[in-house]
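The values are calculated or read from the model by the stated rules, or taken from the named source; none is laboratory data. The model shown is predicted, which means the values in this text are computed figures rather than measured ones. A quick note on method: Cβ atoms are made from the backbone with ideal geometry, for glycine too, and the neighbour counts reach across all protein chains shown.
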Amino acid sequence: MNVKPLGDKLLIQRAETQQQTESGIYLPESAKDKPKEGKIIAVGNGRLNQETGERISFSVKEGDNVLFTSYAGTEIKIDNNDYLIMTEDDILGIID
């Protein structure tokens, strides 16, 4: 299934959850924090400028790895994979 975000929305695949600590201890599901980073899979057509009616392009693009806030976006499942749909305002930065 393909999902194309609308307007100012982005489709992001969250980074993999850490399975064990650096010292080798495996983490149970209840102790795992959801990563606050991911990869942009698809972008909408941009935010609508209320004054001119034109679309404002994104400063991020498909393929960018980004950091986002803890409770950003709406979680969805597509073909048994977890994704987030969020706005560009929820993104804190681009990871180089």
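Brief remarks follow.
- Whichever residue in segment 57-68 is farther than 13 Å from Ala42 by Cβ and over 10 Å from the mean Cα position of the chain (by Cα) and, among such residues, is surrounded by the fewest Cβ atoms within 10 Å (Cβ to Cβ): Ser59
- Test for Lys9: is it at pLDDT 75 or above and basic (Lys, Arg): yes
- Search result, residues across segment 52-70 that are at pLDDT 95 or above and polar (S, T, N, Q): Asn65
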